[in-house]
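Quick notes on the structure that follows.
The values are calculated or read from the model by the stated rules, or taken from the named source; none is laboratory data. Being a predicted model, the structure only gives us computed values, none of them experimental. Neighbour counts are summed over all protein chains in view; Cβ atoms, including those assigned to glycine, are modelled from backbone coordinates with ideal geometry.
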Amino acid sequence: MSTVPTALLGDSTPVSTARADSRVLHRVGLWVMLAANVLAAWGVQWDIQWHVQIGRDSFWIPPHVMTYAGVTLVVLGAFGVLAIDTLRRLMAGREPAGADRIFGITGTPGFHLAAWGIALSVLAAPIDDLWHRLFGLDVTLWSPPHLLGLLGVAINTLACAVIAREVYPAGRVQLGTVIFALATFYGTLAVGLRESGRIAYAHGGVLFYTFSILGALLLPLALVPAARLTRLRWAPIAVLAIVVVLGMIGSTIARVGFEIMQPVSVIEEEIAKDPTSPVAVSFEIARKNGSTPGAPVGGTLIRILAFVPVLILIGIDPRRRLVPATLAYAVGLLAFMGVVIGRTPAFEPMVPGPWPTAAALVLTLGTGLVGGLAARWLADRLGQPADAPARASTAT
């Protein structure tokens, strides 16, 4: 029982009031971060198209402003909650249920994870600027500062799923919020995989299946916890559906943004400097496919077919048969890359023969096994597994 004086809390039931205040604060902080992560993701989506269609002419281009506005709001949401919880402990002697202290900072495990995750993304910004000064403006998504920034956002979005379970009691609101948070986590992982298309086009052979090899390792980290945390078999489909809808909105924002801004393209000059650069290769892929440079490969049909591997996953059910489900999902990703993406004009000549495909299948099954086991470990750390009794809410 708390011994904090009632006068300090302004209520005759200090413990319940403190917890209620924390619950409201944490819910606001959670939704600020979720909305800001979506804003930043739209900025990144537009930024990729800007680099490929226009060139990197200034740091203060609109998609950068959108991206960093989102990151700034995430920082305020995460560290703002930690700051308020810490001040409440220091000034009134109260702290939220389940709170931890790290370096004297008070907060729940979810908000600590969210804050230190986004701190990595903030750290990546000056490193990225230095990287460009040292190596030029033509960049790849897989540069060290970009990967560091994506890692920070991935940790933050994953932390939002943790916070959802902290601040909402078991029920529909918690389920919906967890699924939405894991969709933003999946989206971040998917952005990190976009470079695999260029690798496939540039190298062919086993590397043609780079997306399936890496996707089988990374994407189950979002899909499997969605099923196991919510105890809903169809939750992975909901995750992917949210990602697709948000991606379509992001594409519309980019298209309208270009129409309004009408920036002057310098991409031809950049491509002429190095026709083998990542930007040049991405531009060539889009030209052959007749698609928007920098946009994801394919149209509506490919978006629909992208659900097939996830349908295979939930058909086997990762809540109860994790390893078979994730291995089948891995095979589905490889088939998607070969049969669906491989039929597009740019990639059709690159589809490898049976032996490189067989080697890629072995690698994909290996990463699928590791990805599935890692996803189970992650789901168990985030909350109880699907076959355990539903846990009581920590936001009491």
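So Trp234 fits all but one of (1) surrounded by fewer than 17 Cβ atoms within 10 Å (Cβ to Cβ); (2) without any contact (Cβ under 8 Å) to a residue 12 or more places away in the chain; (3) over 17 Å from Val191 (Cβ atoms); what number is the exception?
Single failed check for Trp234: (2).
Condition first: within 14 Å of the chain's Cα centre (by Cα) and either surrounded by fewer than 24 Cβ atoms within 10 Å (Cβ to Cβ) or of a type in the set (A, V, I, L, M, F, W, C) (or both). Now tell me which residues in region 218-231 satisfy that.
Answer for region 218-231, where residues must be within 14 Å of the chain's Cα centre (by Cα) and either surrounded by fewer than 24 Cβ atoms within 10 Å (Cβ to Cβ) or of a type in the set (A, V, I, L, M, F, W, C) (or both): Leu218, Leu219, Leu221, Ala222, Leu223, Ala226.
Identify, by number, the condition in (1) at pLDDT below 90; (2) assigned to a helix (DSSP H, G or I); (3) surrounded by fewer than 21 Cβ atoms within 10 Å (Cβ to Cβ); (4) not β-branched (Val, Ile, Thr) that Ala124 doesn't meet.
Going through (1) at pLDDT below 90; (2) assigned to a helix (DSSP H, G or I); (3) surrounded by fewer than 21 Cβ atoms within 10 Å (Cβ to Cβ); (4) not β-branched (Val, Ile, Thr) one by one, Ala124 breaks only (3).
Kindly check whether there is at least one residue in region 306-314 that is in a loop (DSSP other than H, G, I, E, B) and not polar (S, T, N, Q).
yes
What's the number of the only condition in (1) in a loop (DSSP other than H, G, I, E, B); (2) closer than 27 Å to Val65 by Cα; (3) out of contact with any Pro (no Cβ under 9 Å at 6 or more places or on another chain) that Pro263 fails to meet?
(3)
Could you check, for region 138-145, whether at least one of its residues is in contact with a Pro (Cβ under 9 Å, 6 or more places away or on another chain), in contact (Cβ under 8 Å) with a residue 12 or more places away in the chain, closer than 19 Å to Ile48 by Cα and crowded, with 21+ Cβ neighbours inside 10 Å?
No, every residue in region 138-145 fails to be in contact with a Pro (Cβ under 9 Å, 6 or more places away or on another chain), in contact (Cβ under 8 Å) with a residue 12 or more places away in the chain, closer than 19 Å to Ile48 by Cα and crowded, with 21+ Cβ neighbours inside 10 Å.
Could you give every pair whose Cβ atoms fall below 6 Å, whose first residue belongs to region 74-86 and is free of Cβ contacts under 8 Å to residues at least 12 places away in the same chain and part of a helix (DSSP H, G or I), and whose second residue is among the β-branched types (Val, Ile, Thr) and crowded, with 18+ Cβ neighbours inside 10 Å, counting only separations of at least 6 or pairs across chains?
Final answer for the pair search is none.
So, of the residues in region 87-100 that are touching a strand residue (DSSP E or B) at 6+ places or on another chain (Cβ under 8 Å) and closer than 21 Å to Arg165 by Cα, which turns out to be surrounded by the fewest Cβ atoms within 10 Å (Cβ to Cβ)?
Among them, the one singled out is Asp100.
Within region 296-315, which residues are more than 19 Å from the chain's Cα centre (by Cα) and surrounded by 17 or more Cβ atoms within 10 Å (Cβ to Cβ)?
The answer is Gly298, Ile312, Leu313, Ile314.
Quickly run through region 266-295 and pick out the residues that are buried (at least 19 other Cβ atoms within 10 Å of the Cβ) and in a loop (DSSP other than H, G, I, E, B).
Across region 266-295, the qualifying residues are Pro293, Gly294, Ala295.
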